[in-house]
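> Here it is: the structure, laid out below.
The values are calculated or read from the model by the stated rules, or taken from the named source; none is laboratory data. This structure is a prediction, so every number in the text was calculated from the model and none was measured. Using ideal geometry, Cβ is built from the backbone for each residue, glycine included, and neighbour counts are taken over all protein chains shown. What goes into the accessible areas is simple: the full protein's heavy atoms, side chains included, and nothing from ligands, DNA or RNA. Shrake-Rupley method; radii C 1.70, N 1.55, O 1.52, S 1.80 Å.
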Amino acid sequence: MKALFLVISSIMILGSYAIPSAMAQVQAGGVELPGDPTWFAGEGLKKGDFFSYSMCHVDYRECVPFEMDMWIKGDKAAGSEQKWLVDVVVYDGNKVIKGNMEIGKLAPEPSGGTENLSVYRGAFKSSIVWLSAFANGYDESGDKGPKKFSAKSWGKIANIGGEQVIPFAIEKVTVRAGTFDTVDISWKTGGVRSHVWVVDNFPFPVKAHTYTHVSSGIPPTEYEFELLEYKENVVNDPFAKVISTEDSSNFQGCPSTDSLNKSVKRPTKNFEYQIHAYYSPDFPVEGCPMKWQINFLSKFHDTEFLNQVQFDLMVVDDKFTLPPLRSVAQDQGYDYLYSPSGLATIDMTVNHEPGIAHFVVYVYGLSPQGIVPSNPIDYLVIDLPISAKTGGTTSTIPSWIKNNAGWWADGSIDDNSFVQGIQFLIKENIIKIPPTSQGTSSTAKQIPSWIKNNAGWWADGSIDDKSFIEGLQFLIKEGIMKIPRAASTSSSSSSGPASWLD
């Protein structure tokens, strides 16, 4: 497995020509190079180029670093536009993801490619080729076109009170790929200066460290990258022997993780912290993706986010034995997970067997990376039922729904949780409810016990799908369960009620 590090290389300034302070105050830049050259993102890019970058972006796990290797395989015409075809391998902790993307020749922003690279393409677009918004290969007109290094400004950043993006200084910069004569393209935001170092006639910047815009406090890093390796005229596929650890075909038939509807909000065991954990899907399934958003909050104010949180998401056995059955931090190749803002997003694959899984949000404390926290260790246990995945493609109803039916029948999950599973079935057209008159009810009604008995029998195969659906029709007729009209056979286009239970 390829080890990953975000190498913070020193910047060797053998000669630096910065903008005079008076000019900097009025945000006027410009540096003088022989021939007064221009530059744009993607300049000089050609077939056979190979790039390796270490990078991070705040929108992906709060700037956790990963390596992105790219090989310009060829090109193609897409309507009136010419695009480069790029093969990509990402090394993200212990994960290896292979895929491809397409980038424009005039502005090298990604516009297509394999789904498994979507988050990494987003990070690439918002970092390595971010300057294409100011300097691109279009004909010079207005804000478009190549930009001169001697220009006073390349444009303004988009946030409120946005300042000028300027050629700031000439610097000799050393990164893993070598030493380069660069121009520092810079701007101020949140009271600090961001830097992107570009090389004339080289397609992408070789290094960057930028900051997010904040109205107060210390601005966090927005993105950071450096060039690890560059090769020209690579003819043979450099990724031919790379084996991906991600196989999207394994996730066929899995529930979506797009909506974070379910949540748990509780203090940790010793009341040192508050945790608000959202997760998706509502019913996690063995072997399927699962997404978490974990908010770390002050024990005094539940609207105040904690900063610099060192933590882990674990799965433990019934006795809370350590080491845990699973550590997401170790899965990703780290000793712990880190959230600068106190709002962490985690993507994982459920590997727990069907049954109750004991997830643990384990907080080591609050401290910058690399420094042992002085705060107390505390944790929150979140117990969730894990369902079995459907074994084949011929099953009309996923087995995890039948598992939930059994848990509902024996009281392990409540009415609302089970009805949400039924909502999923109808929404995804996995089961179709025959035309049924929607009953009305002005008072709360309980689900009859025989319906739960049916659910249990359906779960263990004693009755068929048709008999179970007849029970659902009864709930609809009695007004106990309400079906959104958009999902029913009604011709009305109005949206249904928010609640499925009266």
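> Out of the range 304-353, which residues are over 12 Å from LEU366 (Cβ atoms), hydrophobic (A, V, I, L, M, F, W, C), open to solvent by 60 Å² or more (accessible area, probe 1.4 Å) and in a strand (DSSP E or B)?
Once the filter is applied, which keeps residues that are over 12 Å from LEU366 (Cβ atoms), hydrophobic (A, V, I, L, M, F, W, C), open to solvent by 60 Å² or more (accessible area, probe 1.4 Å) and in a strand (DSSP E or B), the range 304-353 yields only LEU343.
> (1) among the charged types (D, E, K, R); (2) in a loop (DSSP other than H, G, I, E, B); (3) modelled with pLDDT of 95 or more: which one isn't true of ASP59, the others all being true?
(3)
> Sticking with this structure for a sec: Here are some conditions: (1) at pLDDT 95 or above; (2) within 30 Å of PRO203 (Cα to Cα); (3) part of a loop (DSSP other than H, G, I, E, B). TYR230 meets all but one. Which one does it not meet?
TYR230 satisfies all of (1) at pLDDT 95 or above; (2) within 30 Å of PRO203 (Cα to Cα); (3) part of a loop (DSSP other than H, G, I, E, B) except (3).
> Test SER132 against the criterion of being in contact (Cβ under 8 Å) with a residue 24 or more places away in the chain and within 26 Å of the chain's Cα centre (by Cα), and give yes or no. It would help to see each step written out before you state the result.
Values: in contact (Cβ under 8 Å) with a residue 24 or more places away in the chain: yes; within 26 Å of the chain's Cα centre (by Cα): yes.
It is true that SER132 is in contact (Cβ under 8 Å) with a residue 24 or more places away in the chain and within 26 Å of the chain's Cα centre (by Cα).
> Being modelled with pLDDT of 95 or more, surrounded by fewer than 20 Cβ atoms within 10 Å (Cβ to Cβ) and in contact with a strand residue (DSSP E or B) (Cβ under 7 Å, 6 or more places away or on another chain): is that true of LEU6 here?
Working: modelled with pLDDT of 95 or more: no; surrounded by fewer than 20 Cβ atoms within 10 Å (Cβ to Cβ): yes; in contact with a strand residue (DSSP E or B) (Cβ under 7 Å, 6 or more places away or on another chain): yes.
For LEU6, the condition - modelled with pLDDT of 95 or more, surrounded by fewer than 20 Cβ atoms within 10 Å (Cβ to Cβ) and in contact with a strand residue (DSSP E or B) (Cβ under 7 Å, 6 or more places away or on another chain) - is not met.
> Step by step: first the residues of the range 158-197, then only those that are among the β-branched types (Val, Ile, Thr) and over 30 Å from ASP49 (Cα atoms), then the one that is most open to solvent (accessible area, probe 1.4 Å). Which residue is that?
Step one: filter the range 158-197 for residues among the β-branched types (Val, Ile, Thr), giving 160, 165-166, 170, 173-175, 179, 182-183, 185, 189, 192, 196.
Applying the additional criterion that residues be over 30 Å from ASP49 (Cα atoms) yields 160, 189, 192.
On the way: ILE160: 155, THR189: 8, VAL192: 45 Å².
My answer is ILE160.
> Hey, among MET101, MET70, MET55, which residue is without any contact (Cβ under 8 Å) to a residue 24 or more places away in the chain, touching a helix residue (DSSP H, G or I) at 6+ places or on another chain (Cβ under 7 Å), open to solvent by less than 30 Å² (accessible area, probe 1.4 Å) and of a type in the set (A, V, I, L, M)?
Numbers: MET70 fails: touching a helix residue (DSSP H, G or I) at 6+ places or on another chain (Cβ under 7 Å); MET55 fails: without any contact (Cβ under 8 Å) to a residue 24 or more places away in the chain.
Of MET101, MET70, MET55, the one residue that is without any contact (Cβ under 8 Å) to a residue 24 or more places away in the chain, touching a helix residue (DSSP H, G or I) at 6+ places or on another chain (Cβ under 7 Å), open to solvent by less than 30 Å² (accessible area, probe 1.4 Å) and of a type in the set (A, V, I, L, M) is MET101.
> While we're here: Could you list, in sequence order, the residues of the range 355-378 that are over 28 Å from ILE218 (Cα atoms) and surrounded by 16 or more Cβ atoms within 10 Å (Cβ to Cβ)?
We begin by selecting, within the range 355-378, every residue over 28 Å from ILE218 (Cα atoms); these are 355-360.
Once the filter is applied, which keeps residues that are over 28 Å from ILE218 (Cα atoms) and surrounded by 16 or more Cβ atoms within 10 Å (Cβ to Cβ), the range 355-378 yields ALA357, HIS358, PHE359, VAL360.
> Can you tell me which residue within the range 200-225, out of those that are open to solvent by 50 Å² or more (accessible area, probe 1.4 Å) and over 21 Å from the mean Cα position of the chain (by Cα), is nearest to VAL183 (Cα to Cα)?
In this case the residue turns out to be ASP200.
> Which of (1) more than 23 Å from PHE66 (Cβ to Cβ); (2) in a loop (DSSP other than H, G, I, E, B) does ASP184 not meet, given it meets every other one?
For ASP184, the exception is condition (2).
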